[in-house]
Amino acid sequence: MNALLRRVFSFSVALASTLVCLAVLAARSRFNDPDLWWHLRTGQIIWNSGAIPRTDLLSFTTGQHDWVPHEWLAQLSMYAAWKAAEYSGLMLWFCVFAAALLVMQYVLCRLYSGNARVAFLGALVAWLFSTIGLAIRPHMLGYTLLVCELLILHVGRSRDRRWYFLLPPLFAIWVNSHGSFFLGMIVLAVVVIFGLIEVHAGLLISRPLHSAARKALLWSSVLSVATLFANPVGWSLLAYPLRTMFDRRMQLDAVTEWQKLTFDDVRAFGLLAVAGGIVLIALVRKIELYLDEVALLAIAFVLAVLHQRLLFAWGIIAAPVLCRQLATLAPQSSSVRILPNAILILASFSVAILAFPAKNELVAQVNAGNPVEAAEFIRRIHLSGRMLNEYVYGGYLTWALPEQKVFIDGRADVYAWTGVFQDYGAWATLVADPNELLDKYQIDSCLLSRSAPLVPVMRYLPGWRELYSDSKSVIFVRAL
């Protein structure tokens, strides 16, 4: 019994419990995200119809253009959470994945370093970079699976090669949940390549696998590639990440989270500090760097610089490497103090439970970030016809007004492929004559935020009048 208590109330468990608390505290104020709603609406469509949509069903501008539902499984899980407990269910979904990600990152760093204190620091590093994208979106599931992959690869190498055979089912889930599966395949390819060769160049060395482990990893990799085809969409889903990155029509720089990293964000300096720290520690302490880790760090670093949203992935990949280097710098806990650990565990879970937002707090977050009153007005007066909506409003409107198709929402891909994104960008930034777009798409009304540059223009545009306004939104309609 004493041995069980020492295990349950160990220092490692106590530190992990504080990470659960941190996850809830970080997530509690991030309930509202513009993309949440179209993800939720897509999940609802799949749930109710029993079919995965292959064309755009949410807008009137794309003409039901082909669409790649590359996150359908995650979207279905999000809607299941909403179905179970509405907003509270969604927040629980968010907190569970945020906590799982941090705790598994801690376990990964613990395995790399063998030191609980250093591993906790590694989990905090991952948390810092994750704050660039903490939101109720499918990438929470995708990045959790990335940590799982790194765990499997590490345990398969260091303990038992049979762990490698967990990779195929992992990729079967991953490919249907989020496009980050492509990053997962890059990680796997790098580990395989450097596991087959032997290199020793100063502090840079490879880690060739012994024959049985190499064979297990190769077979697992082949099966993992095969499982990518276990998706209802086919080749277009597998090609989607590359199409997103390299299709010039996507205009990724027009979307904030896809823009290049700028140094007005503390996480940018954190990126340089962690990358520089890894190199400096290796040089000063003469710690060898494994080539597979260096290759993955270089890939993750470049991706994070090019697209700030990928700082999330950088933190996941860099944290365990940093922890391995710092392993001997922090003292190990020499004794198990059950009572202090139990108090910390109880306090952490108590704070997490108390911090979990009540339904009215979640409703307040939704009201603060969305045109809730305007949508209710539209429903109340039965405003019909084609409505041009603010880009960040589109997702919420797909959920709040499902009977009325939107002009645009956060699915930049399908709107870029059809030219709608470019048309809207020219209109919203006053590059083109406002009448051109309004006439081209036969717009009957416009729902805009009060701060939109087009609002003062619309007030003086012939043939349009202001029908409604509140603290956040303005509605214009064609004058009769």
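The values are calculated or read from the model by the stated rules, or taken from the named source; none is laboratory data. Because the structure is predicted, anything quoted here is derived from the model rather than measured. All Cβ positions, even for glycine, are placed from backbone atoms using ideal geometry, and neighbour counts span all protein chains on display.
Taking the criterion of being free of Cβ contacts under 8 Å to residues at least 40 places away in the same chain and not in a helix (DSSP H, G or I), the residues of region 369-418 that qualify are 382, 401, 403, 404.
As a summary of the residue check, residue 173 satisfies the conditions (1) crowded, with 21+ Cβ neighbours inside 10 Å; (2) farther than 14 Å from residue 294 by Cα except for the one numbered (1).
Those residues that are under 17 Å from residue 78 (Cβ atoms) and either surrounded by fewer than 21 Cβ atoms within 10 Å (Cβ to Cβ) or of a type in the set (Asp, Glu) (or both), I need them from region 1-39; list them, please.
Once the filter is applied, which keeps residues that are under 17 Å from residue 78 (Cβ atoms) and either surrounded by fewer than 21 Cβ atoms within 10 Å (Cβ to Cβ) or of a type in the set (Asp, Glu) (or both), region 1-39 yields 30, 32, 33, 34, 35.
How many of the residues in region 74-119 are over 21 Å from the mean Cα position of the chain (by Cα), surrounded by 23 or more Cβ atoms within 10 Å (Cβ to Cβ) and under 19 Å from residue 37 (Cα atoms)? The number of residues fulfilling the criteria is 0.
You will find that of 432, 426, the residue that is in a helix (DSSP H, G or I), more than 30 Å from residue 72 (Cβ to Cβ) and either modelled with pLDDT of 90 or more or in contact with a helix residue (DSSP H, G or I) (Cβ under 9 Å, 6 or more places away or on another chain) (or both) is 426 and no other.
Scanning region 168-198 for residues that are more than 16 Å from residue 296 (Cα to Cα) and in contact with an Asp or Glu (Cβ under 7 Å, 6 or more places away or on another chain) yields 170, 177, 178.
Any residue at all in region 336-349 that's within 28 Å of residue 256 (Cα to Cα), among the small types (Gly, Ala, Ser) and surrounded by fewer than 18 Cβ atoms within 10 Å (Cβ to Cβ)? Scanning region 336-349 turns up no residue that is within 28 Å of residue 256 (Cα to Cα), among the small types (Gly, Ala, Ser) and surrounded by fewer than 18 Cβ atoms within 10 Å (Cβ to Cβ). When residue 360 is tested against the conditions (1) farther than 25 Å from residue 427 by Cβ; (2) touching a residue at least 60 places away in the same chain (Cβ under 8 Å), the lone failure is (2). Taking the criterion of being in contact (Cβ under 8 Å) with a residue 60 or more places away in the chain and charged (D, E, K, R), would at least one residue in region 245-255 satisfy it? Yes: one or more hits.
Candidates are the residues of region 137-166 that are of a type in the set (A, V, I, L, M, F, W, C) and either within 30 Å of residue 38 (Cα to Cα) or in contact with a His (Cβ under 7 Å, 6 or more places away or on another chain) (or both); the one that is surrounded by the fewest Cβ atoms within 10 Å (Cβ to Cβ) is 148.
Counting the residues of region 112-135 that are in a helix (DSSP H, G or I), touching a Cys at 6+ places or on another chain (Cβ under 9 Å) and of a type outside the set (Ser, Thr, Tyr) gives 8. In the set 43, 89, which member is in a helix (DSSP H, G or I), in the same structural domain as residue 232 (by TED's automatic domain parsing) and not aliphatic (A, V, I, L, M)? Only one candidate qualifies: 89. Where residues in region 176-191 are in a helix (DSSP H, G or I) and not aliphatic (A, V, I, L, M), which of them is nearest to residue 291 (Cα to Cα)? Only one residue fits best here, namely 184.
Only one of the listed residues (296, 329, 310, 306) is in contact (Cβ under 8 Å) with a residue 40 or more places away in the chain, buried (at least 16 other Cβ atoms within 10 Å of the Cβ) and farther than 30 Å from residue 464 by Cβ. That residue is 296. Among residues of region 460-478 that are without any contact (Cβ under 8 Å) to a residue 40 or more places away in the chain and farther than 15 Å from residue 439 by Cβ, those with a beta-carbon under 8 Å from a residue that is basic (Lys, Arg) and assigned to a helix (DSSP H, G or I) at least six positions away or on a different chain give the pairs 466/459. Considering only residues in region 58-86 that are modelled with pLDDT of 95 or more and either assigned to a loop (DSSP other than H, G, I, E, B) or not assigned by TED's automatic domain parsing to the domain that holds residue 125 (or both), the one that is nearest to residue 175 (Cα to Cα) turns out to be 71.
Here region 233-256 is the region considered, the condition is being among the charged types (D, E, K, R) and within 24 Å of residue 53 (Cβ to Cβ), and the residue that is modelled with the highest pLDDT is 243. Evaluate region 268-287: report whether one residue or more is closer than 30 Å to residue 69 by Cα and modelled with pLDDT under 95. No.
Of everything in region 363-421 that is out of contact with any strand residue (DSSP E or B) (no Cβ under 7 Å at 6 or more places or on another chain) and of a type in the set (Lys, Arg), the residue that is nearest to residue 56 (Cα to Cα) is 411.
For region 192-223, filtering for residues that are in a helix (DSSP H, G or I) and out of contact with any Ser or Thr (no Cβ under 6 Å at 6 or more places or on another chain) leaves 16.
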